[in-house]
Amino acid sequence: MNLEIQPLTNPQPGIEDENKLVFGKQFTDRMFVMEYDSGKGWHSARIQPYAPFTIDPAAMVLHYSQEIFEGLKAFRHADDSIAMFRPADNVARFNQSARRMCMPEVDEQFFLESILELIRLESRWVPRNEGTSLYIRPTMIATEAMLGVRPADQYLCYVILCPVGAYYKGGIAPVKIWISDHYVRAAEGGTGEAKTGGNYAASLYAAREAALKGYDQVLWLDAKEKRYVEEVGSMNMLFLYDGKIVTSPLQGTVLDGITRRSALSLLVEMGYKIEERALSVDEVMAGADNGRLQEAFGTGTAVVISPVGSFCYQDTCVQLGNGQPGELTMQLYNKLTGIQYGQQPDNHGWITKL
Ligand code: COI
C-alpha cells in the first residue's frame, strides 16, 4: 500500500510552554489515517492535516464500542535525535487487540513505517524538557452505519500525537490507591487483556468514587473472589515483597504491559527474583503493616513508573515507606528512562531511532 503525504496548510505555532504540558490535551498538526472495507482490505493510507472526522450517527463504534487503541512514546535525546521505545511491540499488541475485538489486523511493517514517517514529519513537536515526550495514540474504530450486533464491515485506523509531560499532576510523587472491594474491571474470559475503550469506560464509575474520596487511582481485584490484586486502570502493579518482585500473572484479565515487560527484564538483571503469582489484598495490607511489603509501583507507557504511597481497603489505610518514592522504584525509573532518553546503553534492542 502507498502512503500519501498530504500538504499541511495551516500549522499551529507549536508547543507554547514545555513546562505546562498536560497529558493528552494538545495535538500536533498531522495524523495518519487509513480505511478498511471488507472485500477490499485496508486502503487510502495517508498522512493528512489533523482534523475532525465525519462519521455516521449509526457508526457501530458509537453503539457497540468496537474500538481498540495503543499508547507509545517518542523521546528526544541530548544530540537532538528522536527515539521510539519498543514500537514494534505496540503494533503487535494492536493486532492482538484487533483479533479479540473481531477487527481487521493491520500490516505491522507498513503501520510501523507509517508511524515513524508521521513522527519524522512532526518532529518539532517532540519536546526537550526532562520527563517530556511525544505520546502516540494509534486507534481503530468500526465506522459501518449499522445497528445489528456483529463485527463491522468498515473501519477507520488513525494515529494522533500529543506532546506530554508527567501523567500525574504530582510527577513522580507517590500516589494514593483505593482498592475496590465492590467494582471489578475484568473477568476471566472477558476483554481485560485487550486495549479496548470499553475497559476504560467500565473503570470510570469506581475511579470517580475514588477521586471524590481523595484517591488517585483504583486497584482492581479479581472478579471471581475479589481477593487478588490485578491492575490499576492505567498501569500494571509490581510489589517488592520479601525482597522479591511479585506481580499478577497474565491470564487474560490484565494488560500485557510493554513497560511491565521492560521493568521485569531490568529487575531480573538487577538480581531480583520475579514471582508472577496471585497476590491477595490481605497480603498487601498486612505486608505494608509488618514490613514484608517494602515498595509498590505501577508501570505503564503514560505513567512510566509510578510509586505507590498508600493503599486503602475497606476502612483501613496503610502507608508505604516515608512518603517518598522507594529506593528500588527510583532505581528502576532512572534505568528505564535512562534507556528511553539515550543516557544509558540500550542492551535490549528496545530503541528505534528515527
Ligand atoms: C498508556 O499507558 O499508554 C495507556 O494506555 C494508559 C492510558 C489509558 C492513559
Query raised in the report: Restricting attention to segment 188-215, which residues are in contact (Cβ under 8 Å) with a residue 60 or more places away in the chain and either within 17 Å of Asp256 (Cβ to Cβ) or aromatic (Phe, Trp, Tyr) (or both)?
Result: Glu188, Gly189, Gly190, Thr191, Gly192, Glu193, Ala194, Lys195, Thr196, Tyr215
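Let's see how each residue does on (1) more than 21 Å from Tyr155 (Cβ to Cβ); (2) modelled with pLDDT under 95; (3) within 16 Å of the ligand (Cβ to nearest atom):
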position	(1), (2), (3)
Asp17	yes, yes, no
Ala45	no, no, no
Phe69	no, no, yes
Arg86	yes, no, yes
Query raised in the report: Would you call Ala78 crowded, with 19+ Cβ neighbours inside 10 Å and either on the phi > 0 side of the Ramachandran plot or in contact (Cβ under 8 Å) with a residue 24 or more places away in the chain (or both)?
Result: no
Requested in this report: Specify the residue that is modelled with the lowest pLDDT; the eligible residues are those in segment 163-200 that are under 30 Å from Arg76 (Cβ atoms) and more than 15 Å from the ligand (Cβ to nearest atom).
Outcome: Gly170
Report task. Take the residues in segment 270-316 that are within 16 Å of the ligand (Cβ to nearest atom) and of a type in the set (Ser, Thr, Tyr), then tell me which one is farthest from Phe239 (Cα to Cα). Result -> Thr301
Query raised in the report: List pairs: first in segment 328-339 and under 19 Å from Leu134 (Cβ atoms), second surrounded by fewer than 19 Cβ atoms within 10 Å (Cβ to Cβ), Cβ under 6 Å, 6+ apart or cross-chain?
Result: Gly338/Gln344; Ile339/Asp346
Query raised in the report: If Phe85 satisfies every condition in (1) farther than 21 Å from Cys162 by Cβ; (2) touching a residue at least 40 places away in the same chain (Cβ under 8 Å) but one, which is the exception?
Result: (1)
**Report entry** Residue check, Leu266 more than 16 Å from the ligand (Cβ to nearest atom), surrounded by fewer than 22 Cβ atoms within 10 Å (Cβ to Cβ) and in contact (Cβ under 8 Å) with a residue 60 or more places away in the chain
**Finding:** yes
Query raised in the report: Before we move on, is Ala211 within 28 Å of Ala92 (Cβ to Cβ), surrounded by fewer than 21 Cβ atoms within 10 Å (Cβ to Cβ), away from the ligand (no atom under 14 Å from the Cβ) and not acidic (Asp, Glu)?
Result: no
Query raised in the report: Taking the stated definitions as given, is Arg93 assigned by TED's automatic domain parsing to the domain that holds Gln12 and either under 17 Å from Leu354 (Cβ atoms) or touching a Ser or Thr at 6+ places or on another chain (Cβ under 7 Å) (or both)?
Result: no
Query raised in the report: Of the residues that make up segment 7-26, is at least one without any contact (Cβ under 8 Å) to a residue 24 or more places away in the chain and hydrophobic (A, V, I, L, M, F, W, C)?
Result: no
Query raised in the report: Restricted to segment 84-132, and to residues that are acidic (Asp, Glu), out of contact with any strand residue (DSSP E or B) (no Cβ under 7 Å at 6 or more places or on another chain) and farther than 22 Å from Lys40 by Cβ, which residue is surrounded by the fewest Cβ atoms within 10 Å (Cβ to Cβ)?
Result: Glu130
Query raised in the report: Does Glu35 satisfy the criteria of being modelled with pLDDT under 95 and farther than 18 Å from Leu121 by Cβ?
Result: no
Query raised in the report: Tally time: how many residues in segment 218-233 are of a type outside the set (A, V, I, L, M, F, W, C), buried (at least 22 other Cβ atoms within 10 Å of the Cβ) and in a strand (DSSP E or B)?
Result: 2
Query raised in the report: If you go through segment 214-239, how many residues are β-branched (Val, Ile, Thr) and within 16 Å of the ligand (Cβ to nearest atom)?
Result: 2
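The values are calculated or read from the model by the stated rules, or taken from the named source; none is laboratory data. Predicted model only: the values in this text are computed from it and were never measured. Note that we place each Cβ from the backbone using ideal geometry, even for glycine, and neighbour counts take in every protein chain shown.
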